[in-house]
Each structure stands twice: as structure tokens, then as C-alpha cells.
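For reference, the structure is listed below as C-alpha cells.
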Amino acid sequence: TFLVFSDYNRPSIRLAALSHYPSIFVFTHDSIFLGEDGPTHQAVEHLEALRSIPNCHVWRPADGLETAAAWASAVTHKNGPTCLALTRQKVPALTRPEGFKEEDMLKGAHIVWEPNSTPIQVIIATGSEVAPAIEAAKMLTDKGTPTRVVSMPCMELFMEQSEDYRRKLLPQNCRLISVEAGRTGCWRTIIGDKGLAIGIDHFGASAPAEILADKFGFTAQKIAERI
């Protein structure tokens with residue numbers, strides 16, 4: 001069902017998490033880009049709400065390969081529920097950098113674009129925002145600011161990884177930017193107080209997805225300008 005209706009589903013998800021019961025909840029239409037149905041049906045706070053449930057893995061994959069990884073993780077997660085949040089709109093199949101290992105996706109985050117020189121900032125994105133984040137990173141890199149892009153489809157799994165792995169993806173000397181079409185509060189755990197959180201901390205609007213992306217700053221150009 002639509003991610004916004006996880007409000008009705010939440011007691012079952014919470015009980016599954018509390019009971020350490022392996023189960024899979026599949027949601028679609030995961031953001032304001034649902035479009036013309038308007039803010040009543042557009043998920044804004046729901047990713048953050050699900051992530052706040054202890055023992056629950058929330059996956060927001062960026063393309064088909066990450067969706068496969070999400071399913072692989074879900075069927076092997078024996079200690080609680082997994083929620084999959086899938087986009088309504090079409091997304092491209094991402095081209096990963098040289099050295100990419102598919103098993104790294106099961107760690108909750110991996111590098112999806114790397115500049116030719118040492119990055120000085122890292123964009124962390126999820127779901128349908130990963131592709132425009134990559135395009136924004138290319139623009140910024142071309143203008144002299146080498147920018148890495150990390151896709152983080154499962155924040156919970158990433159936080160379970162070793163400090164070495166987390167620092168490898170998000171070096172301490174890099175500026176961190178999160179990009180997700182949802183509330184930004186939960187991203188402070190990742191990017192800290194000095195990081196830039198690009199998201200939507202208010203309700204959406206009724207309009208086609210392309211117009212909403214431009215209005216609320218989720219196109220590649222708008223992301224680059226904001227950074």
C-alpha cells in the first residue's frame with residue numbers, strides 16, 4: 001500500500017519489532033512525488049516515523065539492484081520486521097564506480113559516484129533522490145568542488161557497521177549533505193549539526209512530480225545550487 005498508510009499499519013509493525021518477529025512490509029508511493037493526490041496522500045514524516053521504531057529495518061532503494069538487495073536483506077533479517085519504501089516514479093539504473101561490491105549494499109550504504117580527485121564533501125541520498133544527487137555532484141565537481149555520492153538505502157544497517165566502514169564512506173574531514181524527500185530530523189544522526197540537510201519539513205502540494213521537484217528543490221540543478 002501507499003507509504004502514507006503506514007500510519008494504520010504502525011501497531012502491527014511495532015508489535016513485530018517488539019516481538020523480534022521477521023516480517024516484510026512493502027510500501028510504495030513513498031514521497032511528495034506521488035503528485036496530484038496532494039499532501040493527504042504524500043508521505044513526508046513516515047520514513048522518519050518508521051525509522052524511530054527499534055529493531056525495524058527501513059529500506060528506501062534507489063534502483064532495481066538496491067531493491068534486490070533490500071529483498072535479500074529482508075528475507076535474512078530474522079530478528080524483526082523490514083519495511084520497503086518504493087518510489088512511484090521511474091528511476092534510472094545506476095552505474096556504480098569501479099571496485100563496487102554488491103555485498104556492500106547489504107551494509108546499508110555504499111558509494112555510487114566518486115570524483116576523480118579526493119572528495120571534500122559527500123552527498124548522502126536515498127531512493128529517487130540518488131540519481132539527481134549524482135547529477136548535482138557532477139556539476140559541483142566540474143566547478144571545482146570534488147563531491148562523492150553515497151546511497152544509503154538502510155540507515156539502520158549502516159549504523160550497525162564498524163566505525164572503519166562508516167568513516168571510509170563518510171570521512172570526518174568532509175562536509176556532509178543529506179538529500180531525501182522527507183523530514184530531515186533523523187539525518188542529524190548521520191550528518192551532525194554542521195551538515196546540510198536537504199529535505200521537506202512541511203507538507204507537500206498537489207502538482208505533477210516534476211513541478212514539485214523543482215518547487216521544493218529536488219532537481220539536480222536545485223540541489224547543486226543549495227549546496
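Remarks
- Once you reduce the stretch 18-37 and the stretch 145-220 to the center of their Cα atoms, the two points are 19 Å from each other.
- Using C-alpha pairs under 8 Å with a sequence gap of at least 6, the mean separation divided by the residue count of the stretch 47-168 gives a relative contact order of 30 percent.
- Which of Leu212, Leu65 is most accessible, then next, and so on - probe 1.4 Å: Leu65, Leu212
- Percentage relative contact order, the stretch 41-98, counting C-alpha pairs under 8 Å, at least six apart: 37
- Each of (1) 16; (2) 31; (3) 60 is a candidate for percent of Cα pairs over 31 Å apart; the one calculated from this structure is (1).
- Relative contact order of the chain, defined on C-alpha pairs under 8 angstrom at six or more residues apart (%): 23
- The calculated Kirkwood hydrodynamic radius for the stretch 169-222 is 12.3 Å, given to one decimal from all distinct C-alpha pairs.
- Förster radius 41 Å - calculated FRET efficiency between Ala205 and Tyr165, Cβ distance, rounded to 0.05: 0.60
- For a modelled paramagnetic label at Ser117, 7 Å from Cα along Cα-to-Cβ, the residues of the stretch 165-191 in reach, with backbone nitrogen under 17 Å, are 174-175.
- Convex hull projection area averaged over all views, the stretch 121-170, Cα basis, nm²: 3.4
- Remark: C-alpha extents of the stretch 1-123 on the principal axes read 47, 38, 25 Å, sorted largest to smallest.
The values are calculated or read from the model by the stated rules, or taken from the named source; none is laboratory data. What you are looking at is a predicted structure, and each value in this text was computed from that prediction instead of being measured. Every residue, glycine among them, receives a Cβ derived from its backbone with ideal geometry; neighbour counts consider all protein chains shown. To get the accessible areas, we keep the full protein, side chains included, count just its heavy atoms, and leave off ligands, DNA and RNA. Shrake-Rupley method; radii C 1.70, N 1.55, O 1.52, S 1.80 Å.
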